[in-house]
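The structure under discussion appears below in the form of structure tokens.
No value in this document is a laboratory result; all are computed from the given coordinates. Everything numeric in this text was worked out from a predicted model, so none of it was measured. Every residue, glycine as well, gets a Cβ built from its backbone with ideal geometry; the counts of neighbours run over all protein chains shown.
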């Protein structure tokens, strides 16, 4: 596999795409072919099943490029395959079923084990190790994060909390108000597109767009924000240099890109509010603000919470905005960025980096658990 | 006739709520927000067509007093090279994005089909475990995966997996495709499973009675019926990978950097070269914008479903 990828890397760029996709589809085709073959009954097919159950793991291990000294790994693969064959042969629901199942799910399961579970465990371990990753240091890395002197750890944690408090509320609020204001108005579709479009723009693009908006220079301003200040007779400000002002201005970028998401979902929810409810409130003489607060909000409250939680998760993991605008200068760093920065220092502070990553992980859990719970309630 | 009644019935509450909710003031407020939301993008977009000197000496709003349009920023940006050329970076983005969108969908479909239509012990637990894997933030994965790709794995002093060749790490895309695939799988399986599980049992059973095995049912019944979900997910994943910066920063080190990484670097080093950044930004976001306008319906569905990813 390494040889294949090394060969691929030497090919002309646009040839690589079809080759890798075709190679992948050939492998998938082979898997589906085996899935079709496995459950057939007949003489000799037990041998075919056994060959597939034992042969496929061995071939996969060989393709992964395991080194020659790893004979026991091949043996392990063969034994596991043999075990699968034995279980399959004894299965009461018909032969071949278990092998089929394994063929269907194991590519994805293997990739998730290698790509998600293994790294997660490694990072958790690293969070309690020093920067070389070999010496156990207990909670030292977390002590570093929470110590005021730590270069960037504590301030990035505090900033992240501010991001998570402000950005989701602001985006949800503007999205809600906007959804309500454009609801069934003339040009609703067009007005919605204007707000939703930023979602398709990368945060890198969004950050450059806003960096231009915040630009500061001597003489003629080219950033609109400073020009507006100048029009009102003020002095231009170097917006991104002053903490905490820079943090709030960067939060605006995330709010700008997430409001469309909030608006689209909340707009759908508002359209689902029964008209009779609103009419009844109107007959009672409730003002439009009161109708909004007392009738519409309670009905769409679950949706509001889901939107808020979802944007909170995004805010927790922000990386791009900081990387493009300030590179964490002037105390503007956040956990998601600081984690990468600590690792890119020389020498890499892998312990600090892992501790920051673990903090993001821990902070994300309650939000996702909540979303999962409301998702289950829905279904 | 019955269709007509249905249509007019569905319109009636529509009109009434219209009177209830919308007012000229609300529309005016919405327009103000829309203008504020659009101005920054518009300013950068307009600037990208102004002469390079004008961009840095006068605000884009002065354009209307002295309109002067040029495409030279785009020409110069496409010619620009800093380590790699902008054209190469755009090509890299395409090379990264297409396989990284297709591979997780196919692997996810296989797993989702089995989870939905093959009954086995522990099926629910496995499904919940996969769903739970969505909570792992990308930041948890980066460093161990980087070490895996560059140094391989050793178990008990035995070097098991040698890692990728240096050439493919700095020129190739394997590590980027694989990373995107692995981190995409939980969401892919979850979404596709929901869609596959919604296929009526009778349809699946009919196909099986006709003698089709799981392989055939997968192709002839499951795939066609799940197409809308596949399209939504494909668009979401395509945009996610195209717009990604974090994976690109960690796993592309040289000739293989996509346009987002190049823009991010340029914004640091060439932060005042606005002719470059304005045109470069629009070259980078033109693809998502086209996808957005061409496939809006799928786009919204995909975004809504995948909004917690990463």
Exercise for review: Using only Cα atoms, locate the centre of the range A:326-358 and the centre of the range A:122-142, then give the distance between them in Å, rounded to an integer.
Suggested key: 15
Review point. In what sequence do B:38, B:179 fall when counting other Cβ within 10 Å, fewest first?
Key: B:38, B:179
Study note, to complete from the structure: In degrees, nearest 10, the alpha-carbon axis of helix A:71-90 is tilted away from the dominant principal axis of the alpha carbons of chain A by 80
Check your understanding: Once the principal axes of the Cα atoms of the range A:73-169 are found, what is the range along each, listed largest first in whole angstroms?
Key -> 64, 41, 18
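Among B:55, B:189, what is the fewest-to-most ranking by other Cβ atoms within 10 Å? Mind dumping the intermediate values first?
Working: B:55 26, B:189 32.
By the 10 Å Cβ count, ascending, the order reads B:55, B:189.
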Check your understanding: Could you give the nm distance between label points at residue A:26 and residue B:68, where each point is 7 Å from its Cα heading toward the beta carbon?
Key -> 5.7
Check your understanding: Relative contact order for chain B: what is it in percent, counting Cα pairs under 8 Å that are at least 6 residues apart?
Key -> 27
Check your understanding: Comparing A:57, A:198, A:298, which has the greatest mean-square fluctuation in the GNM of chain A with Cα pairs linked when under 10 Å apart?
Key -> A:57
**Study point:** Percent of Cα-Cα distances greater than 17 Å, calculated over the range B:82-163
**Key:** 72
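Once Rh for the range B:233-276 is found with the Kirkwood sum over Cα pairs, what is the Stokes-Einstein diffusion coefficient at 4 °C and 1.567 mPa s, in µm²/s?
Calculated translational D: 113 µm²/s.
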Exercise for review: Round to a whole angstrom and tell me the spacing of the C-alpha centers of the range A:276-299 and the range A:20-59.
Suggested key: 63
Revision key, fill the gap. Once normalised by the length of the range B:189-284, the mean sequence separation of its alpha carbon contacts under 8 Å that are 6 or more apart gives a contact order in percent of 20
Point to revise | Fluctuation leader among B:253, B:154, B:183 - chain B, Gaussian network, Cα springs under 10 angstrom | key: B:154
Point to revise | Rel. contact order, % - alpha carbon contacts under 8 angstrom, at least six apart, chain A | key: 19
Check your understanding: Quick one: helix A:350-378 against the long Cα principal axis of chain A, what's the angle to the nearest 10°, folded into 0 to 90?
Key -> 90
Review point. So how tilted is helix A:153-182 from the main axis of chain A? Cα-based, degrees 0 to 90, rounded to 10.
Key: 70
Review point. Pick from A:215, A:320, A:284: which residue has the top mean-square fluctuation in a GNM of chain A where Cα pairs under 10 Å get a spring?
Key: A:284
Practice item. Mark the label point 7 Å from the Cα of residue A:268 along Cα→Cβ and return the residues of the range A:289-319 whose backbone N is within less than 18 Å of it. Key: A:299-312
Review point. Averaged across the residues of B:127-136, what count of C-beta atoms belonging to other chains lies within 10 Å of each residue's C-beta?
Key: 5
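How much length is gained on full extension from residue A:40 to residue A:346, taking 0.36 nm per residue of separation minus their Cα-Cα distance? Numbers along the way, then the final one.
Details: separation 306, 0.36 × 306 = 110.16 nm, distance 5.93 nm.
Extra length from residue A:40 to residue A:346 when fully extended: 104.2 nm.
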Check your understanding: So for the pair residue A:13, residue B:61, with labels modelled 7 Å out along Cα→Cβ, what separation do we get in nm?
Key -> 3.9
Check your understanding: Once the range A:143-378 is represented by equal point scatterers at the alpha-carbon sites, with solvent omitted, what log10 I(q)/I(0) does the Debye formula produce at q = 0.08, 0.15 Å⁻¹?
Key -> -0.38, -1.07
Exercise for review: Consider all pairwise Cα distances in chain B and report the whole-number % of them above 33 Å.
Suggested key: 46
Practice item. Could you state the orientation-averaged shadow area of the convex hull built on the Cα atoms of the range A:102-260, in nm² to one decimal? Key: 16.7
Study note, to complete from the structure: Rg from C-alpha atoms of the range A:2-126, normalised by the globular rule of thumb 2.2 N^0.38 Å, equals 1.25
Point to revise | Compactness index (Cα Rg / 2.2 N^0.38 Å), the protein assembly as shown | key: 1.03
Revision key, fill the gap. FRET efficiency (residue A:186, residue B:75; Cβ distance; R0 45 Å; to 0.05) is 0.65
